[in-house]
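Please find one structure pasted underneath; my questions will follow.
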Amino acid sequence: MSRKGIVCLSKLTCLLLIVCLAAVSVSGCKKSATVEPIKIGFIGDLTGDTAIWGQAGSKAGQMTTDEINAAGGILGRQIQFIPMDGRGQAVDSVNAFNSLVDQGVLCVIGTNFSSCNKAIAPIACQKKIPLLGTTCTNDAVTVDQATGLVYPYSFRIGYTDEFQAQVLGKYAATELKAKTFASFLDMTQDFAQTETTWFNKAFVANGGKMVGTVSGRSGDNDFRTQLTKLAAMKPDIILLPWFYKDVALIANQAKELGMKIPFMGPDSWDSPELMGLAGPALEGSYYCSQPAFARPETKPFHDAYVAKWGSEPEAESLAVHDGLYWVKDACERAGKVDPVALRDALESTVNFQGLMGPITVDIKTHNPSKEASLFHITGSKRVFVGDFKP
Amino acid sequence: MFLQQVVNGLSVGSVYALIASGYALIYSLLGFSNWAHGDIAMVGAYIALIAQTSGHVPFWLAVVLAIAGAGCVSMLSDMVAYRRIRNNHSPKMFLMIAAMGLSITLQNLIMVTVGPRFRTYGDVIPVRSIRLGGISLGVLDLLTMGIIVVALIALGLLIGRTKFGLGVRAASSNMVTASVLGVDVNLYIRLVFLLAGVFAGMAGVLLGLKYNIYPTMGSIALKAFIACVVGGLGNVPGAILGGVTIGVMEALVGGFISSGLRDAFTFALLIAILLVRPSGLLGKNIVDKA
Amino acid sequence: MLSSYAQGLIILVCINVIAVTGVSLLTGFTGLFSFGNAGFMALGAYVSAIASVELHTPFLVSLVAGVLVAAIIGFGLGRLTLGLRGDYFLIATLGFGQVVQVLIEFFDKVTGGARGFANIPPKTTLWIAVVLAVGSVAVAANLIHSKFGRNFTAVREQEVAAEAVGIDTFRFKQMAFVLSAMFAGFAGGLFAHYYMYIVPKMFDINESALFTITVVVGGLASLSGSVISCVVLTLLPELFRSLASYRMLFYGMAVVAIILIRPSGLMGYHELSFGWIRERMRAKRGKTASKEGKT
């Protein structure tokens, strides 16, 4: 191909890109309606490995939207719930957020992955559309780690890793009288390192000692190599910050190795499936989670969800439910439906009563002051122990 | 701890070996790496699961169905996809790309039909362990290793001592000559795919028992592939040796050096073998024909 | 003005086009199938990000740093593995991609590991992305239709004959591999400076596989085929979000279908150009004319 050919090819590339531009702009066109409903977006992992959480959130969102609409909506207007799939990936979640903003949403509820929210937070501030993370627990979601300042438009509904790790650490040292602990970290997840660090701080502050850490990767099957190493360290407690499906594998394999050391874990353990996958193996273990279905107030929601969808709700469902009602409450306090006003009202929330507990927002970190529910696993059942603060 | 780690390694390695031997069978005959092999194992695991939960059949029957089903899927994948590519005389790479496409298709087919949730077979074999002089051996593990050893011995006898095995060895040595000498090469290829599928189905059920059942469980086949390369591609005994070697090496590296860098070591071993002895530990030196 | 959603998509398309151009050179034109492309993209992304954030280097310098590191490691890896046969090489590159991910997660003090690397200054704008994408395609096209390109083709088609004629096939394979690493590293740097936050999972084996699928579907030995395929495969999932759970299923089936029906890919061995379009139209007209002639 000659000089001419190269120019030709470049021209065609340009042409192609312009065609895409047109196509995409058209697809992003806003449709006008006479009485526009208030659009509230939701981003969750609707497909993929952890789709069970995203779908539970989406279903809860639909159900709660219908409930709010039946009771008159927000300030007299009906709301429209728009779920989008973030696939648990930062790039897809960012695209989803941008798309929702184009569709004219008031705010976006989601996601449950800290990595996704960390990517969206600066964009939410740019676009001035509030982002309400559901159960994403990393600090960096609401606070810019480089400057230490809060992201004004990034909020969260659940608590943070720091918080729950400290609750666990203190409980282990004071109530379980453990003297030593070891941590088995999931290298692929950010919360593992954060939890270990803060568990350690609380544990040491109450007289304990860390004897070692071991790492693994979520997606692997066999953890017996690492478990054998852990057993040799002889800790009183093993901290296991992994997703429930890996926790099940690890616990079963620990049982096979004849290990009797109890495990402790954060809200990533929380799923009704965990007992079915590894109930007996987790005998004597503890985990803490967002205050959820252990609270009697959640029973009507739980029953309504099961009746409507035929499956068990997850903590994510409650988070979305609370998120929608929180937005309603904030709009009513602000007196109008507007993203900037909503942001101010969210930030000044004092004692909003959600099904997951009360929310009072800390203006410096946007972290809601909550409690963590601690559960004990015994007899293949999880038994509610109590609500704790660190 | 050392001995326990070795036992851990043998346990994992035996599963690698089972999957690797299926790979090696197909490679020996057709010279291509069946990327979808791990996913055929996954399909087998799901067939057993569906038979058990929806069909309410007893577990042993579910396993039989799984093995048969996986064999059929394997055979079908050849008839539908690979044979056409072979007959087109397309480069071998295309087979691998088609296999990759098939792998993605199978994984996602299961994801959209059965769902991505982790499943188990329930308490078919309880989680218990035996202690032998300071080492813990899981009951399930022993059972798995036992089954694998029996299966591999049976495979060895099949390939080494039967007429069918003779045909397979002839065809894998030189397909054209074998067909000239009267071996129905197409039939043998189909049968080898069936056999590889059967082994994959077995591996799938065992994996489902040991670990859990989920659509991407076939990704363990990557390690099995490395095992094949290490042991000598196209060589079933090599695949077995490779599987066990990788399993034990991973356990020892993870236990004594770093569990975080374990996979990096495995791949470094792969590169090292490819550079130093590309035909693998037991492989024959195959020169690329022009 | 364009919505940021549309802008974001176009930028993503441009970044992918740059990476795919490199893969096209390597796979489509030189015949080497590699699954390590995302690894080089990760290297480019992290090196340029660390340079921008820790060393406060200007955008261009960070990008160049990313490209250089990718090139050096590509050279080293190439030296070790390009002498191997087709499927061994594939596995070696696959291994490389995995190892890069594992190492990024392991050295989390430097890279942030699974927590990700944040606060990367947003420097990639729409115009920068588009101009660089078109530029990359032009550079690649130039290469292909030069002496180098002919040598790449020789390596792909008849390696032994090429050797016999005195072409140092190893050197050209090396060149193609390093070039593909550089394109990927470049794309990675742009990616990091657009999304402002990177995690290892963004560069995993699925991404590598997707690049190779793009080239295979688009057509081997067809740069325009790869580009068009890249544009389509990046935009399609966004345009069909409701069918998201079926997305990967369609991709898988599409790959199998393409390989079975039209193995050289949709535009294999052909480039899109005005001349080609004119020819096809002429051929069509000719066909109808001859049909009329017959009746």
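We did not get these values from a lab; they are worked out from the coordinates using the rules stated. Worth saying up front: this structure is predicted, and the values here are computed from it rather than measured. Ideal geometry is used to build each Cβ from the backbone, glycine not excepted, and the neighbour counts take in all protein chains shown.
Could you pull out the trypsin sites (Lys or Arg not before Pro) across segment A:304-349 that fall in loop regions by DSSP (anything but H, G, I, E, B) with no more than 12 other Cβ atoms inside 10 Å?
A:K336
Order by neighbour count: C:V69, B:V63, fewest other Cβ atoms within 10 Å first, most last.
So the ranking, lowest neighbour count to highest, is C:V69, B:V63.
Mind checking A:225-232 for the average number of partner chain beta-carbons within 10 Å of each residue's beta-carbon?
Other-chain Cβ atoms within 10 Å of each residue's Cβ, averaged: 6.
Using a Gaussian network for chain C with springs between C-alpha atoms less than 10 Å apart, which of these wobbles most: C:A162, C:A176, C:A45?
C:A162
Distance between Cα centroids, segment C:36-53 to segment B:80-112: provide it in whole Å.
What the calculation gives is 32 Å, centre to centre.
What's the local net charge at C:L26, with K and R +1, D and E -1, over the other residues with C-beta under 14 Å away?
Values: positive: C:R156, C:K173; negative: none.
Every neighbour counted, the sum reads +2.
Now, a different point. Highest mean first, what order results for B:150-159, A:138-147, A:310-319 on Cβ atoms within 10 Å?
Details: B:150-159: 14.9, A:138-147: 19.0, A:310-319: 23.4.
The peptides rank, most packed first, as A:310-319, A:138-147, B:150-159.
If you don't mind, another one. Can you give the Kirkwood hydrodynamic radius for segment C:169-265, in Å, rounded to one decimal and based on Cα pairs?
Result for segment C:169-265, one decimal place: 15.1 Å.
On average, how many beta carbons from a partner chain sit within 10 Å of the beta carbon of a residue in A:248-255?
4
Sort B:T53, A:T64 so the one with the fewest other Cβ atoms within 10 Å of its own Cβ comes first.
Numbers: B:T53 14, A:T64 24.
Listed from fewest to most nearby Cβ atoms, that is B:T53, A:T64.
Something else: Starting from the Cα of C:H56, step 7 Å toward the Cβ, then list every residue of segment A:129-157 with an amide N under 16 Å from that point.
Label zone hits: A:146-147.
Pick from A:G169, A:G48, A:G86: which is most flexible by mean-square fluctuation in a GNM of chain A where alpha carbon atoms under 10 Å apart are linked?
Highest fluctuation among the options: A:G48.
Further question: Could you tell me the extents of chain B's C-alpha atoms along the three principal axes, largest first, rounded to whole Å?
Cα spread of chain B along its principal axes, largest to smallest: 58, 49, 36 Å.
In peptide C:183-194, what is the residue-averaged number of other protein chain Cβ atoms found within 10 Å of each Cβ?
Mean partner shielding for this stretch: 0.
Identify which of B:M75, B:M111, B:M202 has the largest mean-square fluctuation in a Gaussian network model of chain B, with springs joining Cα atoms closer than 10 Å.
Result for chain B, Cα springs under 10 Å: B:M111 fluctuates most.
Find me the longest stretch of chain B that has none of the exposed trypsin sites (Lys or Arg not before Pro), where exposed means in a DSSP loop (not H, G, I, E or B) with at most 14 other Cβ atoms within 10 Å.
Here the longest segment lacking exposed loop sites spans B:129-283.
Sticking with this one: Quick one: net charge around B:G204, please, counting Lys, Arg +1 and Asp, Glu -1 for every other residue with C-beta under 14 Å from its C-beta.
On the way: positive: B:R119, B:K210; negative: B:D39.
With Lys, Arg at +1 and Asp, Glu at -1, the neighbours total +1.
Determine ³J(HN,Hα), in whole Hz, for all residues of segment A:237-242 in sequence, where each value follows from phi through the Karplus function 6.51 cos²θ - 1.76 cosθ + 1.60 and θ = phi - 60°; x replaces Gly and Pro.
Calculated HN-Hα couplings, in order: 9, 10, 7, 10, x, 9 Hz.
Checking the table A:K260/C:K201; A:K59/A:K245; A:K328/A:K381 against a 29 Å threshold on Cα-Cα, which pairs fail?
Violating the 29 Å Cα-Cα cut-off are A:K260/C:K201; A:K328/A:K381.
Using only C-alpha positions, report the orientation-averaged shadow area of the convex hull of chain C, nm², one decimal.
Averaged projected hull area, Cα only: 19.1 nm².
So what's the net charge close to A:T111: Lys and Arg +1, Asp and Glu -1, counting the other residues with Cβ under 13 Å from its Cβ?
-1
Do you know the Lys pair count in chain B for C-alpha distances under 25 Å, with sequence separation 8 or more or different chains?
Taking chain B as the scope, the lysine pair count is 6.
Then there's this: Among B:I147, A:I120, A:I238, C:I104, which comes first, second and so on when ranked by fewest other beta-carbon atoms within 10 Å?
On the way: B:I147 15, A:I120 30, A:I238 23, C:I104 26.
The most exposed by this proxy come first: B:I147, A:I238, C:I104, A:I120.
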